[in-house]
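**Q** Just passing along the structure, written as structure tokens.
The values are calculated or read from the model by the stated rules, or taken from the named source; none is laboratory data. Bear in mind that the values here come from a model prediction, so they are computed numbers and not experimental data. Here the Cβ positions follow ideal geometry from the backbone for every residue, glycine too, while neighbour counts run over all protein chains shown.
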Amino acid sequence: MPETEAGCALRIYLNESDKDGSKPLYESIVQRAEDSGIAGATVLRASMGFGPKHHLVAAKVLRLSADLPVIVELVDTREKIDAFLSRIEERIETGLATLEPVEMRRYTPR
């Protein structure tokens, strides 16, 4: 039977071109999440979207690379997510973060 507990999902909306030094910001966030012991992280690349300037970007067949939107999604307890977000916020120049309560079910090897 999986262990169930209250958790928090953090979604950070960025662009592929956002950087943390020379590294893509989304990679830096996921690496820091792993180092911090966050329960899970996923990066999703969007095929279309816009940001605060409402500049619409879409993946086109003939255009192999674009500055597409990415979503970094992290899940853990609210306390760990809040602490993690406070450590990385200064690295996010433009973007959007959302937090929402979730029910976590942890599946572990038997």
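**Q** Among the residues of segment 17-53, what is the count of those that are aliphatic (A, V, I, L, M) and more than 12 Å from L74 (Cα to Cα)?
**A** Residues that pass the stated criteria total 3.
**Q** Take segment 90-103 and flag every residue that is over 17 Å from G51 (Cβ atoms) and either modelled with pLDDT under 95 or among the charged types (D, E, K, R) (or both).
**A** Listed by number, the residues that qualify are E90, E100, E103.
**Q** Restricting segment 26-43 to residues that are small (G, A, S) and either assigned to a strand (DSSP E or B) or under 10 Å from the mean Cα position of the chain (by Cα) (or both), which is surrounded by the most Cβ atoms within 10 Å (Cβ to Cβ)?
**A** To start, the set of residues in segment 26-43 that are small (G, A, S) comprises 28, 33, 36-37, 39-41.
Still in the list and also either assigned to a strand (DSSP E or B) or under 10 Å from the mean Cα position of the chain (by Cα) (or both): 33, 40-41.
Values: A33: 22, G40: 14, A41: 20.
Among those that are small (G, A, S) and either assigned to a strand (DSSP E or B) or under 10 Å from the mean Cα position of the chain (by Cα) (or both), it is A33.
**Q** When you check A46 against the structure, is it surrounded by 10 or more Cβ atoms within 10 Å (Cβ to Cβ) and free of Cβ contacts under 8 Å to residues at least 40 places away in the same chain, yes or no?
**A** Yes: the conditions hold for A46.
**Q** Which count do you get for residues in segment 60-89 that are modelled with pLDDT of 95 or more, small (G, A, S) and not in a helix (DSSP H, G or I)?
**A** Selection size over segment 60-89: 0.
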